[in-house]
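Here it is, the structure, as structure tokens.
The values are calculated or read from the model by the stated rules, or taken from the named source; none is laboratory data. Everything quoted here is computed from the prediction, not taken from an experiment. Here the Cβ positions follow ideal geometry from the backbone for every residue, glycine too, while neighbour counts run over all protein chains shown.
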Amino acid sequence: MMTVLIAEDDDNIRKGLAEILGNEGYTTIEAADGASALAQFTASAPDFVCLDIMMPGKSGYDVCREIRASGSAVPIVFISAKSEEIDKVVGLELGADDFIVKPFGVKEVIARIRAVTRRCISTRRPPELPATFAIGDLAISPDELRARRGDEVIELSLREVKILELFSRNTGVVLERDTIFDTCWGEKYFPLSRTLDQHIAKLRKKIERDPKSPEIIRTVHGVGYRYDGQLAYG
């Protein structure tokens, strides 16, 4: 799992971002001020950081300066209500990788976070993810968070890549729900009863030729799901 530090003093925005990123497959760490953000950064070594600019005590700019002064090249995304061009310039000059302005839409946040994730994976691929793998009639590129079927390109979340990799690695094996959750969500995650079904249904809409008659991820009623191997379409 990739870990994201979210430093934001507004509880609703911080928790909203944590929910968005959690649904995408990231582990999140939260901080409500700059000093806490630096402490969390040192203690947890996150894969990238989302920083609000205006926070109590140390600002997001201050936090960014100290992270970069430590020699860390961890990706940093500023998320702030400040929208003046000079603020973006200052943030980027301090070493930020991107700048998202409030209010923002969920799709915008996801698109920008996925772009940062691609850069992270390309330079520091998690050991459990191969460079490429195949499932069904799809070629999966974890570095890109994308699948390809001929000329068709399918955008994937980090969690969707992990789910597909798990099935690819266990061809013909019925994967129980707890196994999928432990591998793709983490052992400490306590899901709602329909969480996995909802994620699989969403994934099927992306990757199956006919989501109502899935050929890649099959349901094994009362147990879990199974992938039977490569597909050959005429």
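Taking the stated definitions as given, is residue 10 of a type in the set (Asp, Glu), in contact with a strand residue (DSSP E or B) (Cβ under 7 Å, 6 or more places away or on another chain) and in contact (Cβ under 8 Å) with a residue 40 or more places away in the chain?
So residue 10 fails the test.
When the residues of the range 60-73 are narrowed to those that are free of Cβ contacts under 8 Å to residues at least 40 places away in the same chain and assigned to a helix (DSSP H, G or I), which ends up surrounded by the fewest Cβ atoms within 10 Å (Cβ to Cβ)?
69
Cβ contacts < 6 Å: first residue more than 24 Å from residue 145 (Cβ to Cβ), restricted to the range 200-224; second residue part of a helix (DSSP H, G or I), any location; separation 6+ or different chain. Result?
What qualifies is 224/177.
If you go through the range 163-179 one residue at a time, do you hit one that is under 19 Å from the mean Cα position of the chain (by Cα), touching a residue at least 24 places away in the same chain (Cβ under 8 Å) and exposed (fewer than 15 other Cβ atoms within 10 Å of the Cβ)?
No, the range 163-179 contains no residue that is under 19 Å from the mean Cα position of the chain (by Cα), touching a residue at least 24 places away in the same chain (Cβ under 8 Å) and exposed (fewer than 15 other Cβ atoms within 10 Å of the Cβ).
Quick one: residue 138 ticks every box in (1) out of contact with any Phe, Trp or Tyr (no Cβ under 8 Å at 6 or more places or on another chain); (2) closer than 13 Å to residue 118 by Cα except a single one, so which number is it?
Status for residue 138: all satisfied but (2).
Just to be sure before I move on: is residue 3 among the hydroxyl-bearing types (Ser, Thr, Tyr), closer than 24 Å to residue 121 by Cα and without any contact (Cβ under 8 Å) to a residue 60 or more places away in the chain in the structure I sent?
Yes; evaluated as a whole, the condition is true for this residue.
This table checks each residue for (1) outside the structural domain of residue 115 (by TED's automatic domain parsing); (2) touching a helix residue (DSSP H, G or I) at 6+ places or on another chain (Cβ under 6 Å); (3) aliphatic (A, V, I, L, M).
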{"site": "25", "(1), (2), (3)": "no, yes, no"}
{"site": "34", "(1), (2), (3)": "no, yes, no"}
{"site": "37", "(1), (2), (3)": "no, yes, yes"}
{"site": "48", "(1), (2), (3)": "no, yes, no"}
{"site": "54", "(1), (2), (3)": "no, no, yes"}
{"site": "57", "(1), (2), (3)": "no, yes, no"}
{"site": "61", "(1), (2), (3)": "no, no, no"}
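Of the numbered conditions (1) farther than 30 Å from residue 200 by Cα; (2) among the β-branched types (Val, Ile, Thr); (3) surrounded by fewer than 20 Cβ atoms within 10 Å (Cβ to Cβ), residue 76 fails exactly one; give the number of that condition.
Looking at each condition in turn, residue 76 falls short on (3).
Which residues, counting only those in the range 10-35, are among the small types (Gly, Ala, Ser) and within 17 Å of residue 159 (Cβ to Cβ)?
18, 22, 25
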